[in-house]
Amino acid sequence: MKRILYILFSVALFFSCTDQAINIDQKDAITYDVVFSTADRCELAIVGCYDAAQSGYYPGNNQRRGYPFGAASVEQGDMKGEDMVNTQQFFAVTYGATYDVSSPNGQAHWECTYQMINKINIVIEGLKAAVEQGVITEEKAKDGEAEVRFLRALGLHELLVFFSMPYAATPDASHYGVPVSIVPINTIAKVEEAKEAGRATVAATYQQILDDLEYAEQNLQASRSGGLKISRATKGAAIALKARVYQHMGKWGDVITESAKIVSASAPFTSPIGGYALTPEPEGPFANNSSNTESIFSIENSALDNATNNGSLSQFYSTVRSLVCVSPIIINADFWLASDLRREQLLVRGVYGSINAFWSWKYRAGSVMDDWTPVLRYAEVLLNYAEAEARQNGVTQKAVDLLNAVRNRGVTDAASQFSLSSFANVDALMTAILQERQIEFLAEGRRWPDIHRLTYDKYAIKSSDGKAGVPDKASWGSMSTASYNPASGVVDPNIIKTLGYNFEDRKYIFPIPLSEITSNPKIAGQQNAGWN
């Protein structure tokens, strides 16, 4: 295969068909026979997939903006929730009536994720060819394929959470998922072939995700040296992601099965695979991104290689640019105790405009922009396990111990810690677990995934009309320093000016972008409800 690859933007179905998509005369591109001609180049091709996961290029201006797994996607996950507030309007549109099929955030999210997926497919094909030609061993090829299939599963699940209704929306998950591609789109013929595929069902998309993660688990290394144990996929990362995926499917027995592979039978909980354990202090994973026991998988950033000021977490979430502050809704919540160490270690006060607001201190790099993007932490594994145990078996010591393992790291006063008798029933325990998730994953983009997966659930997050949906939230323009009253349990109703919406509103999930539906008639006929 001697065609030239030129993958700055996307190809047809997945990558906005443009005259830049395939250019067989591009002078600075590299041919297949060169890309996979040595073991070192095969390794560079694999690393290139991680680079695509870090940040793709924004449509129209060739700038990196933090999709699929940079600050933009994290902020988007927070903005479709009530616990963070945007001081500007460019992400508030995820709540507002101005968001539409041509909005650049949704387009970039879609296109950058499929850029990554197509690069992955190209690498898988290239690695297999390299084995046939004796360039690398089959073992090395399988490890490399397992790495990129882990990334593909991560990308497909990201797309499902933002562009499709939850798994439980239909009894057999037969509603629209997202396009599933597992072959390279690198010729005009393959572009045309891909355009015939359309959107897979949610069930079929999840099946591909699970197939990728099963392969990854079987073929990935249990650990890697130095920071690579966090920045490159491992067996434990595949298992942790599989537990998250089963959680979104509501398959609680499978969540327990997967979690038990990487969680010891009793506290203090550790993993027999990869040696994962909670750090002693809540700030541990964020104070040392590349060397801690808790981070299972993160997207690496460095001073020289990052998502730039338009896609870096420290630029968005800290007082460097003061774009995203923590809402009084969660700061004032009485379930987040005033003595919780996470308030001390993971929050910071800072003045923007006239407001002395709270900001996340999880991302500390400032102008250097080398904070890693947290994707999977051991704290999530334990809370996922706790939820599945509670749902499956009720109020058990195991469920309470798993919850306490995370909570008691911040809540060190024994009198304030939970015991089995703290919960009269499973509903009370579930409430505590879901509230703990709000605290623990604050400013990590995990709020929307929880809102999304719980839509048809007994424990759904509610909009103001009482239906499952996105809650009303505070508006920066209505807030003041006095709006913050930590752990008081009181929120001034006058600051709640940004209206949420229930799951029947078209804004609940993003539309398939205009760039996609204009280039692909089949996808145009499969647009999300209300966006035609």
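The values are calculated or read from the model by the stated rules, or taken from the named source; none is laboratory data. Predicted model, so just to flag it, every value in this text is computed and none were measured. Cβ atoms come from the backbone with ideal geometry, glycine included; neighbour counts cover every protein chain shown.
Quick check on region 190-222: of everything there that is part of a loop (DSSP other than H, G, I, E, B) and of a type in the set (A, V, I, L, M, F, W, C), which residue is surrounded by the most Cβ atoms within 10 Å (Cβ to Cβ)?
Let us first name the residues in region 190-222 that are part of a loop (DSSP other than H, G, I, E, B), namely 195-200, 220-222.
Keeping just the survivors that are of a type in the set (A, V, I, L, M, F, W, C) gives 197, 200, 220, 222.
On the way: 197: 15, 200: 19, 220: 26, 222: 13.
Taking the candidates together, the pick is 220.
Go through (1) part of a helix (DSSP H, G or I); (2) in contact with an Asp or Glu (Cβ under 7 Å, 6 or more places away or on another chain) for residue 154 and report which single condition fails.
(2)
Output the residues belonging to region 486-500 that are modelled with pLDDT of 95 or more and either surrounded by 15 or more Cβ atoms within 10 Å (Cβ to Cβ) or farther than 23 Å from residue 435 by Cα (or both). Please lay out each step first, then the result.
If we filter region 486-500 for residues that are modelled with pLDDT of 95 or more, which is where we start, we get 486-496.
The answer is 486, 487, 491, 492, 494, 495, 496.
Among the listed residues 108, 141, 146, identify the single one that is farther than 16 Å from residue 55 by Cβ, touching a Lys or Arg at 6+ places or on another chain (Cβ under 8 Å) and not aromatic (Phe, Trp, Tyr).
Values: 108 fails: farther than 16 Å from residue 55 by Cβ; 146 fails: touching a Lys or Arg at 6+ places or on another chain (Cβ under 8 Å).
Being farther than 16 Å from residue 55 by Cβ, touching a Lys or Arg at 6+ places or on another chain (Cβ under 8 Å) and not aromatic (Phe, Trp, Tyr) holds for just one of 108, 141, 146, which is 141.
Could you please give the count of residues in region 157-195 that are under 22 Å from residue 128 (Cα atoms), at pLDDT 90 or above and touching an Asp or Glu at 6+ places or on another chain (Cβ under 9 Å)?
3
Under 20 Å from residue 74 (Cα atoms) and crowded, with 19+ Cβ neighbours inside 10 Å, is that true of residue 271? Steps first, answer last, please.
Working: under 20 Å from residue 74 (Cα atoms): no; crowded, with 19+ Cβ neighbours inside 10 Å: yes.
Answer is no for this residue.
Restricting to region 479-525, give me the number of residues that are in a loop (DSSP other than H, G, I, E, B) and either small (Gly, Ala, Ser) or closer than 17 Å to residue 107 by Cβ (or both). Please lay out each step first, then the result.
Step one: filter region 479-525 for residues in a loop (DSSP other than H, G, I, E, B), giving 479-480, 484-492, 496-497, 499-500, 503-505, 509-513, 520, 525.
Pick out the ones that are also either small (Gly, Ala, Ser) or closer than 17 Å to residue 107 by Cβ (or both) and you get 480, 487-489, 500, 509-513, 520, 525.
Result for region 479-525: 12.
From 147, 125, 139, grab the single residue that is crowded, with 22+ Cβ neighbours inside 10 Å, of a type in the set (D, E, K, R), more than 29 Å from residue 460 (Cβ to Cβ) and at pLDDT 90 or above.
Going through 147, 125, 139 in turn, the sole match is 147.
Do the conditions hold for residue 392, that is, is it within 17 Å of residue 259 (Cβ to Cβ), surrounded by fewer than 19 Cβ atoms within 10 Å (Cβ to Cβ), of a type outside the set (Phe, Trp, Tyr) and in contact (Cβ under 8 Å) with a residue 24 or more places away in the chain? It would help to see each step written out before you state the result.
Details: within 17 Å of residue 259 (Cβ to Cβ): yes; surrounded by fewer than 19 Cβ atoms within 10 Å (Cβ to Cβ): yes; of a type outside the set (Phe, Trp, Tyr): yes; in contact (Cβ under 8 Å) with a residue 24 or more places away in the chain: yes.
Taking the combined requirement at face value, the residue satisfies it.
Checking residue 75 against (1) crowded, with 22+ Cβ neighbours inside 10 Å; (2) over 26 Å from residue 321 (Cα atoms); (3) at pLDDT below 95; (4) of a type outside the set (A, V, I, L, M): exactly one of these is not met. Which one?
Single failed check for residue 75: (2).
Output the qualifying pairs, or none if there are none: Cβ atoms under 9 angstrom, residues six or more apart or on different chains, first residue in region 301-318 and within 21 Å of residue 48 (Cβ to Cβ) and touching a residue at least 40 places away in the same chain (Cβ under 8 Å), second residue surrounded by fewer than 18 Cβ atoms within 10 Å (Cβ to Cβ) and aromatic (Phe, Trp, Tyr).
Close Cβ pairs (under 9 Å, with a partner that is surrounded by fewer than 18 Cβ atoms within 10 Å (Cβ to Cβ) and aromatic (Phe, Trp, Tyr)) do not exist here.
Restricting the search to region 348-377, which residues are of a type in the set (A, V, I, L, M) and assigned to a loop (DSSP other than H, G, I, E, B)? Before the answer, list the steps.
As a first pass, look at region 348-377 and keep what is of a type in the set (A, V, I, L, M): 348, 351, 355, 357, 365, 368-369, 375-376.
Those that are of a type in the set (A, V, I, L, M) and assigned to a loop (DSSP other than H, G, I, E, B): 365, 369.
Within region 461-473, does at least one residue satisfy the condition of being crowded, with 19+ Cβ neighbours inside 10 Å, more than 23 Å from residue 379 (Cβ to Cβ) and aliphatic (A, V, I, L, M)?
Yes: region 461-473 contains one or more residues that are crowded, with 19+ Cβ neighbours inside 10 Å, more than 23 Å from residue 379 (Cβ to Cβ) and aliphatic (A, V, I, L, M).
Please determine whether any residue of region 157-169 is of a type in the set (Val, Ile, Thr), within 17 Å of the chain's Cα centre (by Cα), closer than 24 Å to residue 298 by Cα and part of a helix (DSSP H, G or I). Break it down stepwise before answering.
Going residue by residue through region 157-169, those that are of a type in the set (Val, Ile, Thr) are 161.
Remaining after also requiring within 17 Å of the chain's Cα centre (by Cα): 161.
Imposing the further condition that a residue be closer than 24 Å to residue 298 by Cα reduces the set to 161.
Remaining after also requiring part of a helix (DSSP H, G or I): 161.
Yes, there is a match, as at least one residue in region 157-169 is of a type in the set (Val, Ile, Thr), within 17 Å of the chain's Cα centre (by Cα), closer than 24 Å to residue 298 by Cα and part of a helix (DSSP H, G or I).
How many residues does region 321-342 contain that are surrounded by fewer than 18 Cβ atoms within 10 Å (Cβ to Cβ) and of a type in the set (Asp, Glu)?
Matching residues across region 321-342 total 1.
For region 196-206, indicate whether the set of residues that are more than 27 Å from residue 452 (Cα to Cα), modelled with pLDDT under 95 and over 20 Å from the mean Cα position of the chain (by Cα) is non-empty. Even if it seems obvious, please write down each step before you answer.
Here is the first cut: in region 196-206, the ones more than 27 Å from residue 452 (Cα to Cα) are 196.
After this cut, where a residue has to be modelled with pLDDT under 95 as well, the list is 196.
From what is left, the residues that are over 20 Å from the mean Cα position of the chain (by Cα) are 196.
Taking every residue of region 196-206 in turn, at least one turns out to be more than 27 Å from residue 452 (Cα to Cα), modelled with pLDDT under 95 and over 20 Å from the mean Cα position of the chain (by Cα).
If you check 111, 125, 147, which single one turns out to be closer than 20 Å to residue 512 by Cβ, touching a residue at least 40 places away in the same chain (Cβ under 8 Å) and of a type in the set (Asp, Glu)? Step through it out loud before you land on a result.
Working: 125 fails: closer than 20 Å to residue 512 by Cβ; 147 fails: closer than 20 Å to residue 512 by Cβ.
Sole residue among the options that is closer than 20 Å to residue 512 by Cβ, touching a residue at least 40 places away in the same chain (Cβ under 8 Å) and of a type in the set (Asp, Glu): 111.
Among the residues of region 78-106 satisfying the criterion of being at pLDDT 90 or above and touching a Leu at 6+ places or on another chain (Cβ under 8 Å), which is surrounded by the most Cβ atoms within 10 Å (Cβ to Cβ)? Give the steps one after another, and end with the answer.
The initial filter retains those residues of region 78-106 that are at pLDDT 90 or above, namely 78-87, 101.
From what is left, the residues that are touching a Leu at 6+ places or on another chain (Cβ under 8 Å) are 83-84, 86-87, 101.
Working: 83: 22, 84: 27, 86: 22, 87: 18, 101: 19.
Only one residue fits best here, namely 84.
Would you confirm, using the coordinates I've provided, whether residue 415 is of a type outside the set (D, E, K, R), crowded, with 17+ Cβ neighbours inside 10 Å, out of contact with any Pro (no Cβ under 6 Å at 6 or more places or on another chain) and not in a loop (DSSP other than H, G, I, E, B)? Explain how you work it out, then say what you get.
Numbers: of a type outside the set (D, E, K, R): yes; crowded, with 17+ Cβ neighbours inside 10 Å: no; out of contact with any Pro (no Cβ under 6 Å at 6 or more places or on another chain): yes; not in a loop (DSSP other than H, G, I, E, B): yes.
No; evaluated as a whole, the condition is false for this residue.
Identify the single condition in (1) more than 24 Å from the chain's Cα centre (by Cα); (2) under 19 Å from residue 340 (Cβ atoms); (3) of a type outside the set (Asp, Glu) that residue 441 does not satisfy, given that it satisfies every other one.
(1)
Please determine, by comparing only the residues of region 278-323 that are in a helix (DSSP H, G or I) and among the polar types (S, T, N, Q), which one is nearest to residue 266 (Cα to Cα). Don't jump to the end; show me each part of the working.
Initially, region 278-323 is screened for residues in a helix (DSSP H, G or I), giving 284-287, 313-317.
Within this subset, residues satisfying the condition of being among the polar types (S, T, N, Q) are 314-315.
Details: 314: 36, 315: 40 Å.
Here the answer is 314.
How many residues are basic (Lys, Arg) and within 21 Å of residue 161 (Cβ to Cβ) when one looks only at region 480-532?
Quick first cut of region 480-532, residues basic (Lys, Arg) only: 497, 506-507, 522.
Retained after the next criterion (residues that are within 21 Å of residue 161 (Cβ to Cβ)): 506-507.
The number of residues fulfilling the criteria is 2.
For residues that are more than 20 Å from residue 460 (Cβ to Cβ) and among the hydrophobic types (A, V, I, L, M, F, W, C), scanning just region 367-389, find the one that is surrounded by the most Cβ atoms within 10 Å (Cβ to Cβ).
381
Considering every residue within region 363-381, establish whether at least one is in contact with a strand residue (DSSP E or B) (Cβ under 9 Å, 6 or more places away or on another chain), in contact (Cβ under 8 Å) with a residue 24 or more places away in the chain, of a type in the set (Gly, Ala, Ser) and closer than 26 Å to residue 69 by Cα.
no
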